[in-house]
Amino acid sequence: MSRLHDMGGRFGDGSIPVPRNDENEVVNFEPTFKYDWHARAWAITLAAGALGEWNIDVSRHYRECLPPKDYINFSYYEKWLAALVNLLIDKELISLNELKEYVSAAKNGTIDNIIEKEIILDERTWLAKDVQKTLGWGGPSIRDVNVSPVFNIGDKVITQNYSPNKDITGGHTRLPKYAMGRVGVIHSYNNNHVFPDKNAHGLGENPLPLYTVEFKSSELWGELAESQNDSILLDLWEPYLKPLPN
Amino acid sequence: MIEKKKIADGHHHSHDHAHSHLPSDPELRVKAVETLLLNKGLIDSKTLDELIDTYENRIGPKNGANVVAKAWVDPEYKKRLLIDATSAIRELSYQGRQGENMVVVENTPEIHNVIVCTLCSCYPWPVLGIPPTWYKSDEYRSRTVREPRKVLLEFGLSLDPKVQIKVWDSTAEIRYLVLPMRPKGTEDMGESELAELVTRNSMIGTGLPKEIK
């Protein structure tokens, strides 16, 4: 079982939308934000996230939980905005009535009339003076916990062949469907990281060993593989993996 | 307990489709949500401006290009970069959000690396900025793991069949940067001149550095 965001390897998608110049050469430059509303949607998502009411795994899961029809039809930042609104309501930072009020004001062109002159900032609100400091720190997912990795570099492993989230039906996971039930080799161990399958559901950080696992292209795609020589590497948490004799 | 689980698994039954109340025009949608959050004091407009200015003008692929150029001229730096990319990149004051755990993968005559995020749009912000549209597209996300050679051809990159492609799918919080091969004939060039040759796509693996004429 999977959701639409889990699209690695699927058929049907066309050419990559690579920007080109008049001479049909690939262009590297693209504006950071194509439209002003992209920049605003992106920035309010970051700023609302900084209120501390949810973590990155929760926000990813909310995007993934958009109804398939919407997920397919929404552009990138429309997905962000829709998931943000659902989060704001669920976390009771805004109410549905407030949302409806502002939406109708936006629709009938009166929204600028309801902008407050005197705004009292919430104590959690991210201030401009703290932006560089907070960005520079980021949100590290490594945790210094005393958990030893079960697997060694070079060990052969097989991935779970169903969604490994055992707590929540249809819950968040970072094991893509195309790499389920496949044999790979441990390429590296990357310390212990917050486990998204739990963290996305308010079940705690539960830091666990994270490995980079290398899969042969032919193991993932069989005879469809473009080259028997190529490989695909994924970063996978220990519960996604089962041991195999070398 | 039942109620808690409903929320936990993302099935918001009480207000299942709060987002469906948004207007169809995305500009109005953003305006409505932004104004509401501003009025409630939950976001500050100066913070939004600072964020947008930072990624439009200060953090972008020039940072990554400086890292690559330094690795090309300084073998000791390159060694540090390949062993502990996060620390080596921090030496140039690039760090933080979406680059907390960096790994640099080196292209050689035998191996070509390509970066993708099939599940969302993970990308090393401190060194490359906000991802371009194509990186976030369904087409790139779905096809790159299955047919990387066809995908690279669309970027104008034709690889010898003997070269091994390694596709790195960013499924966790590790962020990847490709160290491309230094172009031929650049032996006399300094770090800042070399940085001009490093394209964004060459650091994702969908391109090569510019060649000197």
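Just so you know, all these numbers are worked out from the coordinates, no wet-lab data involved. Computed from a predicted model, the values in this text were never measured in an experiment. Please note: Cβ atoms are built from the backbone with ideal geometry, for glycine as well, and neighbour counts cover all protein chains shown.
Compare the Cα positions of B:Leu159, B:Ala195, B:Tyr55 along the charge dipole of the protein assembly as shown (+1 at Cβ of Lys, Arg; -1 at Cβ of Asp, Glu; about the Cα centre) and return the one farthest towards the positive end.
Looking along the dipole axis, the top candidate is B:Leu159.
Determine the gain in length on full extension of the stretch A:Lys156-A:Trp137; use 0.36 nm per residue of separation and subtract their C-alpha separation, reporting nm with one decimal.
Stretched out fully, the A:Lys156 to A:Trp137 stretch lengthens by 3.3 nm.
What percent does the relative contact order of chain A come to when contacts are Cα pairs within less than 8 Å and at least six residues apart?
Values: 303 pairs, mean separation 43.8, N = 246.
This gives 18 percent for chain A.
Of all the Cα-Cα pairs you can form in segment A:156-243, what percent are over 16 Å apart?
The share of Cα pairs beyond 16 Å in segment A:156-243 comes to 53 percent.
What percent antiparallel are the DSSP beta bridges of the protein assembly as shown, to the nearest 5?
In the protein assembly as shown, DSSP labels about 55 percent of beta bridges as antiparallel.
Points 7 angstrom from Cα along the Cβ direction at A:Leu224 and A:Ile72: gap in nanometres?
1.8
Just counting partner chain Cβ atoms within 10 Å, what average do the residues of peptide A:233-243 show around their Cβ?
3
Which helices, taking whole DSSP H runs in chain A, have alpha carbons extending 15 angstrom or more along the helix axis plus mean Kyte-Doolittle at least -1.0?
A:36-49, A:76-90, A:96-107
Mind checking the mean number of beta-carbon atoms from other chains within 10 Å of the Cβ atoms in B:97-106?
Across the residues of B:97-106, the mean count of other-chain Cβ atoms within 10 Å is 3.
Between segment A:1-28 and segment A:101-148, what is the separation of their alpha carbon centroids in Å?
31
Assuming 0.36 nm per residue, please report the length gained on full extension of the stretch B:Glu187 to B:Asp84 beyond their Cα-Cα distance.
Values: separation 103, 0.36 × 103 = 37.08 nm, distance 2.61 nm.
Separation in residues times 0.36 nm, less the Cα-Cα distance, equals 34.5 nm.
Stretched out fully, how many nm does the piece from A:Ser15 to A:Leu203 gain, at 0.36 nm a residue minus the Cα gap?
Gain on extension, A:Ser15 to A:Leu203, equals 63.7 nm.
Nothing charged except the Cβ atoms of Lys and Arg (+1) and of Asp and Glu (-1): what's the magnitude of the dipole of chain A about its Cα centre? Round to the nearest 20 debye.
480
Out of residues 5 or more away from A:Asn191 or on other chains, whose amide H comes under 5 Å of its own, with H placed 1.01 Å from N in the peptide plane?
Close amide H contacts, sequence-distant or interchain: A:Leu210.
Rounded, prolate or oblate: which fits segment B:60-204, taking a ≥ b ≥ c as square roots of the Cα gyration tensor eigenvalues, rounded meaning a/c under 1.5, else prolate when a/b beats b/c?
Here segment B:60-204 falls in the oblate category.
Can you give the FRET efficiency for A:Asp112 and B:Asn57, using 1/(1 + (r/R0)^6), R0 = 30 Å, r = Cβ-Cβ distance, to the nearest 0.05?
Values: r = 27 Å, r/R0 = 0.91.
It comes to 0.65.
Mind checking the dipole of segment A:85-147: about its Cα centre, +1 per Lys or Arg Cβ, -1 per Asp or Glu Cβ, Debye to the nearest 20?
240
To the nearest 0.05, what FRET efficiency results for A:Val145 and A:Lys242 with a Förster distance of 25 Å applied to their C-beta separation? Please report the intermediate quantities before stating the final value.
Values: r = 22 Å, r/R0 = 0.89.
Efficiency, from the Cβ-Cβ distance: 0.65.
List the residues, sorted by chain then number, that are 5 or more residues from B:Ile165 or on another chain and whose placed amide H is less than 5 Å from its amide H.
A:Asp230, A:Ser231, B:His112
What fraction of the Cα pairs in segment A:97-246, stated in percent, has a spacing above 28 angstrom? Spell out each step's value before the answer.
Working: 5087 of 11175 pairs.
Beyond 28 Å sits 46 percent of the P(r) for segment A:97-246.
Specify the residue with the greatest mean-square fluctuation among A:Glu25, A:Glu116, A:Glu223, computed from a Gaussian network of chain A linking alpha-carbon atoms under 10 Å apart.
It is A:Glu25.
Kindly write out, for segment B:115-132 in residue order, the coupling ³J(HN,Hα) from the Karplus curve 6.51 cos²θ - 1.76 cosθ + 1.60 (θ = phi - 60°), rounded to whole Hz, with x marking Gly and Pro.
Karplus values, whole Hz, x for Gly and Pro: 10, 8, 10, 6, 8, 7, 8, 4, 7, x, 3, x, 9, 10, x, 7, x, x.
Would you work out if segment A:36-137 is rounded, prolate or oblate? Take a ≥ b ≥ c from the square roots of the eigenvalues of the alpha-carbon gyration tensor; rounded if a/c is under 1.5, else prolate when a/b is larger than b/c, oblate otherwise.
Taking the square roots of the gyration eigenvalues as a ≥ b ≥ c, segment A:36-137 is oblate.
Based solely on its DSSP helices, what 222 nm [θ] is calculated for chain A when runs of n ≥ 4 H residues each add -39,500 (n - 2.57) and the sum is averaged over all residues, nearest 500 deg cm²/dmol? Don't jump to the answer; show the numbers that get you there.
Working: 8 runs with 72 residues, N = 246.
After summing the helix terms and dividing by residue count, I get -8500 deg cm²/dmol.
Would you mind ranking A:His201, B:His17 so that the residue whose beta carbon has the fewest other beta carbons within 10 Å leads the list?
B:His17, A:His201
Rg and Dmax of the protein assembly as shown over Cα atoms: what are they, in angstrom?
According to the Cα coordinates of the protein assembly as shown, Rg and Dmax are 22.3, 69 Å.
To the nearest 0.05, how large is the calculated FRET efficiency for A:Glu25 and B:Ser93 if R₀ is 35 Å and r is the Cβ-Cβ distance?
After rounding, the FRET efficiency stands at 0.60.
What's the average, rounded to a whole number, of partner chain beta-carbon atoms within 10 Å of each residue's beta-carbon in B:79-89?
Average per residue, whole number: 0.
Taking the Cα centre of segment A:156-243 as origin, work out the dipole magnitude from +1 charges on Lys and Arg Cβ and -1 charges on Asp and Glu Cβ, in debye rounded to 20. Kindly include the intermediate steps, with their values, before the conclusion.
On the way: 8 positive and 10 negative charges, 50 e Å.
Computed about the Cα centre, the dipole is about 240 debye.
Return the long-range amide H neighbours of B:Ser170 (sequence gap of 5 or more, or a different chain), with a cut-off of under 5 Å between placed amide H atoms.
Amide H to amide H, under 5 Å and 5 or more residues apart or across chains, B:Ser170 pairs with B:Val116, B:Cys117, B:Thr118.
Taking only Cα atoms, what is the 0 to 90° angle, nearest 10, from helix B:61-73's long axis to the longest principal axis of chain B?
So the inclination is approximately 30 degrees.
Could you order peptides A:150-158, A:37-45, A:97-105, B:43-51 by the average number of other Cβ atoms within 10 Å of their residues, highest first?
Going from most to least packed, we get A:37-45, B:43-51, A:97-105, A:150-158.
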